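First comes the structure, then the notes that go with it.
The values are calculated or read from the model by the stated rules, or taken from the named source; none is laboratory data. Just so you know, these numbers come straight off a predicted model, no measurement behind them. Note: ideal-geometry Cβ built from the backbone for every residue, glycine included; neighbour counts use all protein chains shown. Ligands, DNA and RNA are excluded from the accessible area calculation, which covers all protein heavy atoms including side chains. Shrake-Rupley method; radii C 1.70, N 1.55, O 1.52, S 1.80 Å.
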Amino acid sequence: MTRSPQLRRLHFLNALFAPLTGHDLYLAQQIDAAITSSLPEAAERAPGDPDFVNAAAKLFARLCSARPAHGFFHWDAAADDAGAAPLFARAGVMQGLKQLSAFPESTLLVTNLRVAHCPPARRWTERRRRDYDDALSFIRELAAARSRRDANLNLLFL
């Protein structure tokens, strides 16, 4: 069973904006409608669409800047060719964790990690899948080890 792109977008937006909306699906629908109407080409966009993700991240960052108790950092693993390498993944995540360390509540959004490990023109191999799973585990463990114990960090992968 495949979910519609709109339902997948709503799940993503509900998870991303939960600290601000309290998991309100009605507000997630309104945010989805606002973002999709602001983007060119009104076609159905998947939640992994770079334009949609960037628009959602910018909106969330703007809303978080108005709340001094909540921080936000977006790391795009596919921003350069080395995003899949553990050393560069560590550097990108650590940059975000340093920025978020001042906030009691924060959200770290990691996007395009799957694309960085297996570009669209390539096939998933056992090694790529293992490297991807290792990267997910590494980022989770790094975030747990390097974030403040009294802080609430929301770690989202898309």
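Number of residues in the stretch 89-134 that are open to solvent by 90 Å² or more (accessible area, probe 1.4 Å) and assigned to a loop (DSSP other than H, G, I, E, B): the value is 4.
On the basis of being assigned to a helix (DSSP H, G or I) and either open to solvent by less than 30 Å² (accessible area, probe 1.4 Å) or basic (Lys, Arg) (or both), does Arg149 make the cut? So Arg149 fails the test. In the stretch 50-72, the qualifying residues are those that are under 18 Å from Val110 (Cα atoms) and in contact (Cβ under 8 Å) with a residue 40 or more places away in the chain, and the one that is surrounded by the most Cβ atoms within 10 Å (Cβ to Cβ) is Ala56.
For the stretch 118-142, give me each residue that is closer than 16 Å to Ala82 by Cα and of a type in the set (Val, Ile, Thr). Answer for the stretch 118-142, where residues must be closer than 16 Å to Ala82 by Cα and of a type in the set (Val, Ile, Thr): just Ile139. Listed by first and then second residue, the pairs linking a residue in the stretch 77-99 that is more than 14 Å from Ala116 (Cβ to Cβ) to a residue that is in a helix (DSSP H, G or I) and open to solvent by less than 30 Å² (accessible area, probe 1.4 Å), with Cβ atoms under 8 Å apart and 6 or more places separating them unless they lie on different chains, are Met94/Leu142; Leu97/Leu142; Leu97/Ala143. Return yes when Asp81 is of a type outside the set (S, T, N, Q), within 25 Å of Arg9 (Cα to Cα) and open to solvent by 10 Å² or more (accessible area, probe 1.4 Å) and no when it is not. Taking the combined requirement at face value, the residue does not satisfy it. Filtering the stretch 99-108 for residues that are more than 19 Å from Phe72 (Cβ to Cβ), at pLDDT 90 or above and within 18 Å of the chain's Cα centre (by Cα) leaves an empty set.
Taking the criterion of being open to solvent by 80 Å² or more (accessible area, probe 1.4 Å) and outside any helix (DSSP H, G or I), the residues of the stretch 23-41 that qualify are His23, Pro40, Glu41.
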